[in-house]
Amino acid sequence: MLPRLLITMAAASALTLPPDCGIATWRAGPSLVRVELDRGGKLNALTRSMWEALDAVLEDTNDALLITSGDAKAFSAGADVNAVASEPVDERRDFLRLEYETLEKLQERDAPTVAVADGLAFGAGAGVFMACDERIVTERSRLAMPECRIG
């Protein structure tokens, strides 16, 4: 787990997100919002609801963002391919469009963004990590784009 020395979290949530979306936010300072990926035991495999929540965060605040993980093993293992594969083709396209547009918003953001990967950052999770202005890794970090082998 990440040492709690990075920031002191305030008790109140910074933004109102659905409780089961896999993302939590906290106001971590006067102009800093902590965004924590925490899907609970799924290596933070990114679902549609997580992308929608991250997109909402990007739309709703102009504050600096610190993106971390609540999973001890992974920042994010990438997209939830089982969920995506079970969707009709049109919904898969919408999922990918949402993913790419959200990553573009994250990358083009005026306010600073920092991501901390203490564990796996694969595929779309590596995309979130790399879209941030500053990226912090630990000795446990592993970054990969395994979909490149698929073609």
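Counting only DSSP beta bridges whose two residues both lie in the chain, roughly 25 percent are antiparallel.
Counting only alpha carbon atoms, the long axis of helix 89-108 and the longest principal axis of the chain meet at about 30°.
In plain terms, the chain from ASN62 to GLU87 could stretch by 5.7 nm, reckoned as 0.36 nm per residue minus the Cα-Cα distance. Descending by average beta-carbon neighbour count within 10 Å, the peptides 50-58, 139-147 line up as 50-58, 139-147, the highest first. For the chain, the convex hull spanned by the alpha carbon atoms encloses 111 Å³ per residue. Comparing mean-square fluctuations of ALA126, ALA28, ALA111 from a GNM of the chain with C-alpha springs under 10 Å, the top value falls on ALA111.
Net length available on complete extension from ALA72 to GLU52 is 4.9 nm, with 0.36 nm assigned per residue and the Cα-Cα distance removed. Taking label points 7 Å from Cα along the Cα-to-Cβ direction, VAL137 and ASP20 give a separation of 3.6 nm.
How far, in degrees from 0 to 90, does helix 48-60 lean away from the longest principal axis of the Cα atoms of the chain, to the nearest 10? Result, in degrees: 40. Between ILE136, ILE67, ILE23, the GNM of the chain built on Cα springs shorter than 10 angstrom shows ILE136 fluctuating the most.
Taken together, the values in this text are just the output of simple stated rules run on the coordinates, not laboratory data. As the structure is a computational prediction, the values presented were derived from the model and not from experiment. In this analysis, Cβ positions are derived from the backbone assuming ideal geometry, glycine residues included, and neighbour counts consider all displayed protein chains.
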